[in-house]
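Presented below is the structure to which this report refers.
The values are calculated or read from the model by the stated rules, or taken from the named source; none is laboratory data. The shown structure was predicted, so the numbers you read here are calculated from the model rather than taken from an experiment. Surface accessibility is based on the protein's heavy atoms, side chains included, excluding ligands, DNA and RNA. Shrake-Rupley method; radii C 1.70, N 1.55, O 1.52, S 1.80 Å.
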Amino acid sequence: MQQAIRFDYDGLTAGVDEAGRGPLAGPVVAAAVILHADAPIEGLADSKKLPEHRRDSLAIEIKQHAVSWSVAWADAAEIDALNILVATMLAMRRAILGLHVTPSAVQVDGNRLPNLAFGDRLLGGEAIVGGDGKIAAISAASIIAKTTRDKIMVGLDQIYPSYEFARHKGYGTRIHRERLRELGPCCEHRQSFAPVRAAS
C-alpha cells in the first residue's frame, strides 16, 4: 500500500464506500480515501456506472495520488455471524482505521454511519444517500472497494473454479444459482442468505 506516514492536519475528510453487500458469496469490501483538495482526479463517478477498464485505471490513479487510502473487508463467515449490515459497518470501520492519515471527518455513502469512536477520539461523520455519485472522495472509495472485491473474487475462482466466481463475482446470477443447486455452497458462500440456505 502506501508508506506508513501520519501527520496531524485538521480538516481532512475521508470518503467511505463499500462493494458487495448483495452477493451470495465472498466478502463485503469497504474503502476509505482522502483526496488532495487541490489535485482533482478527472472522471470519478459511482463505480457501478463505470466500465471495468475505466474503474481499473482510475483505481491506479487514486492509489498514486490520494493523500491516503485504505481497503478492508468482512468475510463470509463474519457476515453470517453478524449479519450483512453489521459486517458492512465493521468493514468500513476497518478501512478508516487503515488510513495512514487521520481524517477529522468521514463522508459515507448511504444512510448509516459506522462506529466513529477511535479510542478517545470521535470523528465527525455524514451519511449521504447517493454519495458515490456526488462526492469525489466517496466515488474514489467506491472504485477502490469495487476493484478490490473483483480481484478477490477472481482469486477465489482459482480455488473454486466450478462456481465461476470470476464470471459473476458472487452475485446471484442465473449461472451462479445453477452452480449452487448442482454443487451446494462452498465455505465462501454466505450461509445466512436465503438462496444459499436453500442449496445447502
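Note on Gln191 and Ala136: the extension gain reaches 16.3 nm, defined as 0.36 nm multiplied by sequence separation minus the Cα-Cα distance. Helical runs assigned H by DSSP (4 residues or longer) give the chain a calculated mean residue ellipticity at 222 nm of -12000 deg cm²/dmol, each run adding -39500 (n - 2.57) before division by the residue total.
Between Ile62, Ile128, Ile34, the Gaussian network model of the chain with springs among Cα atoms under 10 angstrom shows the greatest mean-square fluctuation at Ile128. For region 100-157, the share of accessible area belonging to carbon and sulfur comes to 52 percent (1.4 Å probe, ligands and nucleic acids excluded). Over the chain, the hull volume per residue, using the convex hull of the C-alpha atoms, is 119 Å³.
The angle separating the long axis of helix 174-183 from the principal Cα axis of greatest extent in the chain is about 60 degrees. A Cα-only calculation for region 54-130 places Rg and Dmax at 13.7, 40 Å. Build a GNM of the chain with springs between Cα atoms under 10 Å: which of Ser47, Ser162, Ser70 gets the top mean-square fluctuation? Per the Cα network of the chain with a 10 Å cutoff, Ser162 tops the list. Among the protein heavy atoms, those of His65 account for about 100 Å² of accessible surface (1.4 Å probe, every chain in place). The aspartates and glutamates whose alpha-carbon is closer than 19 Å to the alpha-carbon of Lys151, local same-chain residues fewer than 8 away aside, are Asp17, Glu18, Asp46, Glu52, Asp56, Glu61, Asp75, Glu164, Glu188.
Residues Lys146, Lys49, Lys63, Lys151 ordered from highest to lowest accessible area at a 1.4 Å probe: Lys49, Lys151, Lys63, Lys146. Fully extending the segment from Glu164 to Leu85, taken as 0.36 nm per residue of separation minus the present Cα-Cα distance, adds 25.8 nm.
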